[in-house]
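Scroll down for the structure; my scribbles are underneath it.
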Amino acid sequence: MDAVVAMMTTADDMLKTVSADTVFWFAIMFMWVCNFLLGRRISGDQIAMQWDSTGTPTWHAPKELALLVFVVFAFAVRFMIYRPTNLLSPDGVDRGTEIILDIAMVFSTAVIVGVHLLILLVAVITDRKKSKARDRI
């Protein structure tokens, strides 16, 4: 009976960990697909990365860097969330801490993907407006 309980606990832990990792890897794939599909639609070599309160861009990044930075940032956040727990407690952390780490991972991944998609969509829309204005002239 103890073996069955141990197997169920291990399977439950694997399922819980796989769910946060699955969300992360799908988010990475989604960001790469967005980079491929939306990045091709941006004709300029710069992408606005931040805007002021009036809606004008405050700084731009090179297109290749802007497409790559959020994917790298997602990996960095994942590393910062999971790595300290492995260093501090090599035998594992308690269930409550694991749940909090998984929630933090899913939430941070969702925010990173959302911001990445927003920046790409704004860049595509801005590029379309500029091309329509050029066509009118």
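Selection of region 34-49 for residues being in a loop (DSSP other than H, G, I, E, B) and closer than 11 Å to Leu121 by Cα yields Arg41, Ile42. Select from region 50-61 the residues that are in a strand (DSSP E or B) and surrounded by fewer than 12 Cβ atoms within 10 Å (Cβ to Cβ) and write down the one among them that is nearest to the chain's Cα centre (by Cα). Among those that are in a strand (DSSP E or B) and surrounded by fewer than 12 Cβ atoms within 10 Å (Cβ to Cβ), it is Gln50.
Of the residues examined, Val106 is not one that is modelled with pLDDT under 85, surrounded by 12 or more Cβ atoms within 10 Å (Cβ to Cβ) and farther than 20 Å from Pro62 by Cα.
Contact list please: Cβ distance under 6 Å, first residue in region 97-111 and in contact (Cβ under 8 Å) with a residue 60 or more places away in the chain, second residue buried (at least 16 other Cβ atoms within 10 Å of the Cβ) and of a type in the set (Phe, Trp, Tyr), pairs at least six apart or on different chains. Partner pairs satisfying both residue conditions: Thr109/Phe24.
Report yes if Val69 is open to solvent by less than 100 Å² (accessible area, probe 1.4 Å), touching a helix residue (DSSP H, G or I) at 6+ places or on another chain (Cβ under 9 Å) and modelled with pLDDT of 85 or more, otherwise no.
Working: open to solvent by less than 100 Å² (accessible area, probe 1.4 Å): yes; touching a helix residue (DSSP H, G or I) at 6+ places or on another chain (Cβ under 9 Å): yes; modelled with pLDDT of 85 or more: yes.
Considered against the rule, which asks whether it is open to solvent by less than 100 Å² (accessible area, probe 1.4 Å), touching a helix residue (DSSP H, G or I) at 6+ places or on another chain (Cβ under 9 Å) and modelled with pLDDT of 85 or more, Val69 comes out as yes.
The values are calculated or read from the model by the stated rules, or taken from the named source; none is laboratory data. Because the structure is predicted, anything quoted here is derived from the model rather than measured. Don't worry about glycine lacking a Cβ; one is built from the backbone with ideal geometry, like all the others, and counts go over all protein chains shown. For the accessible areas, the whole protein counts, side chains as well, though only heavy atoms, and no ligand, DNA or RNA atoms are used. Shrake-Rupley method; radii C 1.70, N 1.55, O 1.52, S 1.80 Å.
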